[in-house]
Amino acid sequence: MPSEEEFLKISGLTSFNPVQQESIKAGVLNGESLVVSAPTASGKTLIAELAMLRCVLEKKKKTVYIVPLRALASEKYEAFREKYEKMGIKIAISIGDYDSSDSWLEKYDVIILTSEKFDSLLRRNVSWIGSVGLVIADEVHIIGDHGRGPTMEILLTKLKRLTKAQFIALSATIKNAREIADWLEAKVVESDYRPVKLYEGVYAEGKVGFFGKEGFSLDGEELPEIKIVHDTTKKNKQSLVFVATRKSAEVTAERIADYMKDKLSRPDVIELNKISEEILHALEYPTRQCERLAKCVRGGIAFHHAGLVSKQRKLIENGFKNGLIKGIAATPTLAQGLNLPAYRVIIRDAKRYYALTGWSYIPVLDYQQMVGRAGRPQYDTEGESILIAKTSEEAEDLAERYIMGETEEIYSKLASEPVLRVHVLALIATETCNSLQSVYDFFSRTFYGLQYGSSSEMAEKVDSIVDFLKRNGFVEQHGDKLRPTTIGKRVSELYIDPDTAVKIIEGIKNSKNAKIDGSALVELLTNSLEMRPYLNVKQGEFKEIYSKISEARLLHEMPDEWDYDYEESLKAFKTALMVLDWANEATEEQIFDIYGLSPGELHNKISILDWLFYSAQEIAILMGNKEIIKDLRKTRVRVVYGIKEELLPLVKLRDIGRSRARKLFNAGFTSIEKLREAPEITIAAIVGPSVAKSVKKQLSGKEDEKNFEAKGLMEFAKEE
């Protein structure tokens, strides 16, 4: 292991900061488990890296680094490779394909994974789990999140049982860090230290007031966010503007860019135009959203939200890190983990829409995650955060609520029934638990169990779920013993909700008695928990959608209009109509015009549906229903590529996606045989020389075609 001086040099530091010193005193280098609760940019990751080097170089054990987001995993992977591969430490990343044991990971020292991917690996009883000496859980406060929290909580509970590893949990500043430390049997290191001083303030009526330093006034009639971003840019610094919705992010970016476009240097304009062109052509046929974003970027400003495709988000993030993009208007998701700091963070919207409560103030923890982006350690000695208020009275309220307020306690979200269905089956399928009592015991060791003690409510839910699993043939009971069935084990490995599997099984059975087509399969798989949230059905659409349902061939019964889940079924059906339009070659722009779904959201839905089709194929194989497998495979390819059935032969060729396949087909190349007979120069006139050359190589047998049996067809669909 490198000496303290060598480690600091590798990390570009001269000394450890107070949080790091406190962690060393607490025994991070002696194998002590820690929960480190400190602000963003306080150097928490370096503490984990110290433990990682000790684990790999001294103890000769593996380190697993768990993160909640794929983007964060990729960021850590690149950073660790750059720092540590030259020391002979082998770094790996695994974030996709939930139906693989990734046996190649056994050769690596440090493995970076999302919590969902790691949980899927544990379901396959990976051989290397016994050699794990360190578990790092980044952003561990995520266990308080309804979406990703339960998986992180279950995963850490399993790892406590399966390994004798040291645990390092990194968290934002939270109120009950000691409770999490008690659960993980760890020491707690709490600190409010930040290497870059943060000044928090509020804007109201033309003035910004800070706590701890003098504020400033802003002249002009422009919106405050425009004035503040311009003032920041004049200082040769950058801004992040957080707003509540995607639409707000786009409109805000446009307004700021329009004001800023004449205030940029000539060299910056040249480089921004290059980024703008790449953003515009991230999709083959640019949508209005692409055009809006590209225009904003030419003005030095961008918007950032989940509706963008990944290539566009990456271009924006890199452009911001390089200092070319001066400001980003973003939804709060940008604050979750990515290392994208700015000199100023502007929070224009302190309220957000929540499904159950409507428009409500954001939690203090979310506020702190956002302002944690203020101040760049490499460039600034201070950072500023500014809440925007409409009146002086609102300014006082915001300051009291957020600047003076305490973060909330983190509570387990494990008790939701869909979450428990997935994890109870996994516990039985992997034989982690083999009786009802052992399932109760497992949940008593979770964070939920620590917070609520022996919960009769949890026991009732577990009983109900085990009954559901037995009733649907996923689990068998012999005396006190619970055993997975073959199909129960496979459903768990496929990482889908058992309720979704029940619908798939029923649909496959019903297909034997009906003439089905691709639309019935799309509707069946879209009507699943994994595809939520569905598209909303507007008031004037109910009659039209109900009419289409009555004409459709369905593989399941629709609820009665008085049933509780009737409206959700209508939403699911509308979502299926959107997918079918895509499979009939509607463009991203047409999908947006008709359904209001942005390209990023569309491709996310298609990616989920890709996995559901693969899962349905696997279940059909186990059920011995060979007739439906052909239809599942054909429809899956159509959905992933967004093509009509006539293009299926053409997209088997590498570098040929929906657009090139359609061009070839319309030019008369309606089959592989016709392509094989055509001169390369003729094909090149349609799809370009390099693609034509690739096509000819494949057709001559010198290069493989795509494998339509692949688990992740979306990767092939991105090739074009």
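Bear in mind that the values in this text are calculations on the coordinates, not laboratory data. On a predicted model such as this, the values are computed, not experimentally measured, just so you know. All Cβ positions, glycine included, derive from the backbone under ideal geometry; neighbour counts span all protein chains shown.
Would you mind ranking Leu525, Leu580 by Cβ crowding within 10 Å, fewest neighbours first?
Listed from fewest to most nearby Cβ atoms, that is Leu580, Leu525.
Note down the magnitude of the dipole of the stretch 4-190 about its Cα centre, charges +1 on Lys and Arg C-beta and -1 on Asp and Glu C-beta and zero elsewhere, to the nearest 20 debye.
That gives a dipole near 440 debye.
Please report, in debye to the nearest 20, how large the charge dipole of the chain is about its Cα centre when each Lys and Arg carries +1 at its beta carbon and each Asp and Glu carries -1 there.
Result for the chain is approximately 2200 debye, rounded to the nearest 20.
Please compute the Cα-Cα pair-distance distribution of the stretch 50-167 with 5 Å bins starting at 0, giving whole percents from short to long.
2, 12, 23, 27, 22, 11, 3, 0
Using only the alpha carbons of the stretch 417-494, determine the length spanned along each of the three principal axes and report them from longest to shortest in whole angstroms.
Each principal axis gives a Cα extent; for the stretch 417-494 these are 35, 28, 19 Å.
Please work out the C-alpha center-to-center distance from the stretch 509-567 to the stretch 273-297 and express it in whole Å.
Cα centres, the stretch 509-567 to the stretch 273-297: 35 Å.
Put +1 on the Cβ of each Lys and Arg and -1 on the Cβ of each Asp and Glu in the chain; which of Gly300, Pro649, Thr407 then has its Cα farthest toward the positive end of the dipole?
Pro649
Based solely on its DSSP helices, what 222 nm [θ] is calculated for the chain when runs of n ≥ 4 H residues each add -39,500 (n - 2.57) and the sum is averaged over all residues, nearest 500 deg cm²/dmol?
Rounded to the nearest 500, it is -14500 deg cm²/dmol.
Hey, if you put +1 on the Cβ of every Lys and Arg and -1 on every Asp and Glu Cβ in the chain, which of Ala342, Ala685, Gln437 ends up farthest toward the positive end of that dipole?
About the Cα centre, the residue reaching furthest to the positive side is Ala685.
Can you give me the P(r) profile for the stretch 374-422? Cα pairs, bins 10 angstrom wide beginning at 0, each as a whole percent.
18, 24, 25, 21, 12
Report the dimensions of the stretch 228-377 along its three principal axes from the alpha-carbon atoms, largest first, rounded to Å.
Sorted largest first, the three principal extents are 45, 37, 25 Å.
For the stretch 112-200, report the convex hull volume of the alpha-carbon atoms normalised per residue, in Å³, without decimals.
Measuring per residue, one finds 124 Å³ for the Cα hull of the stretch 112-200.
May I ask for the Kirkwood hydrodynamic radius of the stretch 498-641, worked out over all distinct Cα pairs and given in angstroms to one decimal?
15.4 Å
Whole angstrom only: what separates the Cα centroid of the stretch 140-158 from the Cα centroid of the stretch 414-445?
So the separation of the two Cα centres works out to 14 Å.
In the chain, what % of DSSP beta bridges are antiparallel (nearest 5)?
Approximately 25 percent, going by the DSSP bridge assignments.
Compute the Kirkwood hydrodynamic radius of the stretch 2-71, taking the inverse of the mean of 1/r over all pairs of distinct Cα atoms, and give it in Å to one decimal.
Taking every pair of different Cα atoms in the stretch 2-71, averaging 1/r and inverting gives 13.0 Å.
Kirkwood hydrodynamic radius, the stretch 586-696, all distinct C-alpha pairs: what's the number in Å?
Kirkwood radius, the stretch 586-696: 15.7 Å.
Using Cα positions and a limit of under 16 Å, work out the lysines in reach of Lys509, with same-chain residues fewer than 8 apart set aside.
Output for Lys509: Lys626, Lys630.
Taking the Cα centre of the stretch 498-641 as origin, work out the dipole magnitude from +1 charges on Lys and Arg Cβ and -1 charges on Asp and Glu Cβ, in debye rounded to 20.
In debye, rounded to 20, the stretch 498-641 gives about 640.
Quick one: if you stick a label point 7 Å off each Cα along the C-beta vector at Glu544 and Glu457, how many nm between them?
Each label point lies 7 Å from its Cα, and together they span 4.2 nm.
Here are several values of mean projected area of the Cα convex hull in nm²: (1) 32.7; (2) 55.9; (3) 34.4. Which one was derived from the coordinates shown?
(3)
Which one of Gly215, Val202, Asn176 is farthest out on the positive end of the charge dipole of the stretch 146-227, using unit charges on Cβ (Lys, Arg +1; Asp, Glu -1) and the Cα centre as origin?
Comparing the listed Cα positions along the dipole, Asn176 ranks first.
For Lys60, which lysines qualify as cross-link partners when the Cα separation must be under 16 Å and same-chain residues fewer than eight apart are set aside?
Lys60 reaches Lys90, Lys107, Lys164.
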